[in-house]
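Colleague: Sharing a structure below in structure tokens format, with a few things to ask.
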Amino acid sequence: MQTVLRTEPPAHDVDHPRDIVVDLSGSDRAFVLTTRSIAATVLVITGGIGLFLAYSAVPTMNRYGLDFLTGTRWEPESDVLGIGSVLVGTLTVALVALVVAFPLSLMAALYIAEYAPPRLRGFLTSLVDLMAAVPSIVYGLWGFFLLQPHASKVAHWIHQHLGFIPFFRVDTDADAAVWDQSKYTASAFIAGLAVAMMVIPMACAVMRQVFGQTPAGEREAAFALGATHWGVVRTVVLPFGRGGIIGGTMLGLGRALGETIAVLLIISPSFDLKLKPLEIGTNTVSALIAGRFGEASETQLAALLAAGFVLFMITLLINTLAAVVVNRSRSGAGAEA
Amino acid sequence: MTLLDEPRTSADDPTPRTTVRTEPARQDRSVAQQTRLMSSTTAEQRFVQAGSWVAALALAWLVTTRVLAWEGAVAFCLTWFVLGIAFVALTTALVGTWPEVVDRVMSATIHAAVVLLGVALLSTILFIFLRGREALFHVNFFTQDMEGLGPRDPFTRGGILHAILGSLIEVGIAVAVTIPLGIGTAIYMTEIGGRFARIVRTVVEAMTALPSIVAGLFIYTVAIVFLGLPSSGLAAALALGVMMLPIIARASDVVLRVVPGNLREASLALGASRWRTVWHVVLPTARPGLATAVILGVARGVGETSPVLLTSGAASFVVTNPTDGVMNSLPLYIYSTVRSGEPLEIARAFAAASVLLALVLLLFVAARLLARPKKGIR
């Protein structure tokens, strides 16, 4: 039998594509409905918290106006409530944490992605994740009991040698024969060091993931041109991972701003507006909430909620920026931050 | 189909297109495909590096103890580090060029930073267990509570049973609520999608930024101040749940999104309904990842102090009914006893922290084991 080629064009019966949206069966409809209602519940719960916080911030903002954000005193007795100094304290702690955590997490990520023997990589990655899983109260204990005696000496040393910069000044005589160690404890500096331990694993995880996606061709091209190992890192890996570096650091910053218990254990609360991280006494928004919620009257509670809302907004802004930076960058297309 | 693009027959083309290989395949093929290890050093370089660090160690001892009298381990280590970098730079500069010097210095700095981090992590874990060991090794520490005991009672009396039970109950309730909600939301976001799913995803991602203390303050205000409920384990569980829900939903979403789409399509093409596809294909594929997400969320919840601090109160006795007034938990017990300032109490707090840390380590190892790909699949 032979194949016959068709010579006349086929009759013009128009093709109707089958409708590919089929009716859902009963069980599927139930499935869609169930998951949708679960999602709606979660939306109501999580969105409700945000709306509730925003709503409870309104009366406080009406009552105190912008002074609430810029005021430096928290005196419920005389009806003066301002979180200016607390915001500055929060930023100081976060800044110290970032200054310590940024180089360390960057180098740790570079080590895992570039320098470590391939056999060790999985283990080191787990170790960084483990560091993220250690409870913050444990870092608080570590910072308070183990780190503080050493860190206060470092603070004293910085004050002695860099005290001419106002930022490093402490209200005591640095060169006294018997220096006053207690002046250098319970400070934003030491709290920042403990918080850095929580920031490092978060930032390091994002950076390592991004560095791991560096195109092998570009690395090898740099090596083939005679670059040293650091030359490859500087010209290929770091530019490729820039988005991850910035994004990871900002995610860590978000964590640093909201950290409560380690800070609360270490600092001694004070309400002065000051930019002296080495000196005893500071306060952060979360420590303020944890310290004051118990004795709060209704107005004060509303003010604490407003402070919490401000903190949440700052964290949210930073996290959103971090996500945008990671997603925009060349390396971040596949990475989830 | 037309006959125009018919492939040419071998008659037109004298060279055969397919050849059967007669000699055996070369054995070293796998070697050629391996990426070359870039950080190879010679024995001489390693010797010079080690020598530099030893020399720096000796000089650091001399500087800190004899010349400048800076006491303390931190000063010694910092001096050693600075001198070591200087020695590495010097010894490289003797034989090498500027890029080589930079390369060695940066490599040494990175290694030193990693050692520092390792020391920090190790010191955290060891320090907690060392300080906790006095109170930890008594059976009564795990079987009794602190009812009627003062801060000066010996370690042979009292324990943290109430805190352990409280932690388990609170986290248990929180997990029982958040897992179905979190994973259900993740399934909706990845498997059904649409505009509403995008809204949910945006809100959930935004709420992962919620500081845990604010979650606690929310529950405190709503449940305890407005509704007038007493401080209780249930309120603490709700606060933990509110904190964990976005974390678990987001992590599960990430895990479900990386399930390969062709598995779903294959299942649907075989005629399975969407529900069956999710239940028999998507969820089993994502199970290790989901388990990891949940366990890490639980580890986070167990260790979180601030929501509990605001909502549960602190009982010194065993409470098993979460709605029945104050309850204690491990992080809260640690926080409140450390604050008391009594040496024996602080020792107890460290022992409780060891238990908490051991619990988190256990959860972490479980998560790692579950996440490991099974042999034979990959």
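Colleague: Got at least one residue in the range B:68-82 being farther than 20 Å from B:V119 by Cα and in a helix (DSSP H, G or I)?
Modeller: There is no residue in the range B:68-82 that is farther than 20 Å from B:V119 by Cα and in a helix (DSSP H, G or I).
Colleague: Has the range B:260-283 got any residue that is of a type in the set (S, T, Y) and under 23 Å from the mean Cα position of the chain (by Cα)?
Modeller: no
Colleague: Of all residues being touching an Asp or Glu at 6+ places or on another chain (Cβ under 9 Å) and small (G, A, S) in the range B:154-181, which is surrounded by the most Cβ atoms within 10 Å (Cβ to Cβ)? Just the residue, please.
Modeller: The residue in question is B:A163.
Colleague: Of all residues in the range A:292-312, count the ones that are more than 20 Å from A:R63 (Cα to Cα) and either in contact with a Phe, Trp or Tyr (Cβ under 7 Å, 6 or more places away or on another chain) or at pLDDT 85 or above (or both).
Modeller: Total satisfying the criteria: 1.
Colleague: Sticking with this structure for a sec: Taking the conditions exactly as written (facing chain B (nearest Cβ under 10 Å), of a type in the set (S, T, N, Q) and part of a helix (DSSP H, G or I)), does A:T315 satisfy them or not? Steps first, please.
Modeller: Numbers: facing chain B (nearest Cβ under 10 Å): yes; of a type in the set (S, T, N, Q): yes; part of a helix (DSSP H, G or I): yes.
Here the answer is yes, as A:T315 does meet what is asked.
Colleague: Looking at the range B:190-201, can you tell me whether even one residue there is among the aliphatic types (A, V, I, L, M) and under 27 Å from A:L257 (Cβ atoms)?
Modeller: Yes; the residues of the range B:190-201 include at least one that is among the aliphatic types (A, V, I, L, M) and under 27 Å from A:L257 (Cβ atoms).
Colleague: Same structure again: Looking only at residues in the range B:208-223 that are farther than 14 Å from A:T46 by Cα and touching a Ser or Thr at 6+ places or on another chain (Cβ under 6 Å), which one is nearest to the other protein chains (Cβ to nearest Cβ)?
Modeller: B:I213
Colleague: For the range A:25-118, give me every one of the helices (runs of 4 or more DSSP H) that falls completely inside it and has 1 or more residues that are within 28 Å of B:T190 (Cβ to Cβ) and within 12 Å of chain B (Cβ to nearest Cβ).
Modeller: Output list reads A:26-64.
Colleague: Okay, moving on. So A:P149 fits all but one of (1) within 14 Å of another protein chain (Cβ to nearest Cβ); (2) touching a helix residue (DSSP H, G or I) at 6+ places or on another chain (Cβ under 7 Å); what number is the exception?
Modeller: With (1) within 14 Å of another protein chain (Cβ to nearest Cβ); (2) touching a helix residue (DSSP H, G or I) at 6+ places or on another chain (Cβ under 7 Å) applied to A:P149, the lone miss is (2).
Colleague: I need the full set of residues from the range A:230-284 which are charged (D, E, K, R) and within 13 Å of chain B (Cβ to nearest Cβ), in order please.
Modeller: A:R234, A:R255, A:E259
Colleague: Please specify each residue of the range B:84-106 satisfying the condition of being facing chain A (nearest Cβ under 9 Å), touching a residue at least 12 places away in the same chain (Cβ under 8 Å) and not hydrophobic (A, V, I, L, M, F, W, C). Write out each step before concluding.
Modeller: Here is the first cut: in the range B:84-106, the ones facing chain A (nearest Cβ under 9 Å) are B:99-100, B:102-106.
From the residues that got through so far, the ones that are touching a residue at least 12 places away in the same chain (Cβ under 8 Å) too are B:104-105.
Of everything in the range B:84-106, just one residue is facing chain A (nearest Cβ under 9 Å), touching a residue at least 12 places away in the same chain (Cβ under 8 Å) and not hydrophobic (A, V, I, L, M, F, W, C), namely B:R104.
Colleague: Scan B:D145, B:D103, B:D153 and give me the residue that is within 30 Å of B:L59 (Cα to Cα) and not polar (S, T, N, Q).
Modeller: Details: B:D145 fails: within 30 Å of B:L59 (Cα to Cα); B:D153 fails: within 30 Å of B:L59 (Cα to Cα).
None of the other options fit; the residue is B:D103.
Colleague: Out of all the residues in the range A:312-326, is one or more aromatic (F, W, Y) and buried (at least 24 other Cβ atoms within 10 Å of the Cβ)?
Modeller: First, the residues of the range A:312-326 that are aromatic (F, W, Y): A:312.
In the following step, the residues that additionally are buried (at least 24 other Cβ atoms within 10 Å of the Cβ) were identified as A:312.
Looking through the range A:312-326, at least one residue is aromatic (F, W, Y) and buried (at least 24 other Cβ atoms within 10 Å of the Cβ).
Colleague: Give the range B:226-260 a look and list any residue that's among the hydrophobic types (A, V, I, L, M, F, W, C), at the interface with chain A (Cβ under 9 Å from one of its Cβ atoms) and closer than 27 Å to B:I164 by Cα, or say none.
Modeller: Within the range B:226-260, B:V242, B:L245, B:A249 qualify.
The values are calculated or read from the model by the stated rules, or taken from the named source; none is laboratory data. The shown structure was predicted, so the numbers you read here are calculated from the model rather than taken from an experiment. Cβ coordinates were reconstructed from backbone atoms using ideal geometry, including for glycine residues, and neighbour counts include every protein chain displayed.
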